[in-house]
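Student: Below is a structure I'd like to ask you about.
The values are calculated or read from the model by the stated rules, or taken from the named source; none is laboratory data. Note that this is a predicted model, so its numbers are computed, not measured. Note that we place each Cβ from the backbone using ideal geometry, even for glycine, and neighbour counts take in every protein chain shown.
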Amino acid sequence: MKTNMLKINAMKRFVKFIHTNAVHLNLWDEYNPAGKIYAGLEKRQATADKRFKFCCERSHKRPSWKDCYLRWAQELKAGKLLKYIQNRKDRKK
């Protein structure tokens, strides 16, 4: 079992990764493609694509992730995992 995800900071990073939203279509037209903001939009879109790919692959492997192809289900699953890790940390104390 991978124990690095059972650390509270690693799980917080994972939850932040799951909560990354895709870039709205209107924002692409609003900014200059050579600017810093556009580069940030591209980075956020790449992260959102990785998140979606991760959740789709995970939903094929694990029964508890079956409905995680939906955005709101991904957020719920991340919240449940973070709550589990926080409760686990509290029990250890």
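Student: So which residues in the stretch 51-76 are at pLDDT 85 or above, of a type in the set (K, R) and surrounded by 12 or more Cβ atoms within 10 Å (Cβ to Cβ), if there are any at all?
Tutor: R51, R58 - these are the residues of the stretch 51-76 that are at pLDDT 85 or above, of a type in the set (K, R) and surrounded by 12 or more Cβ atoms within 10 Å (Cβ to Cβ).
Student: If you don't mind, another one. Please specify each residue of the stretch 9-23 satisfying the condition of being at pLDDT below 85 and either basic (K, R) or loosely packed, with under 12 Cβ neighbours inside 10 Å (or both).
Tutor: Scanning the stretch 9-23 gives N9, K12.
Student: Turning to a different aspect of this structure: Within the stretch 24-36, which residues are of a type in the set (A, V, I, L, M) and either surrounded by fewer than 11 Cβ atoms within 10 Å (Cβ to Cβ) or not in a helix (DSSP H, G or I) (or both)?
Tutor: L25, A34
Student: Could I ask something else about it? Within the set of pairs 6 or more residues apart or between chains, which connect a residue that is more than 16 Å from V15 (Cα to Cα) and free of Cβ contacts under 8 Å to residues at least 12 places away in the same chain inside the stretch 49-66 to a residue that is loosely packed, with under 11 Cβ neighbours inside 10 Å and small (G, A, S) with Cβ atoms less than 8 Å apart?
Tutor: none
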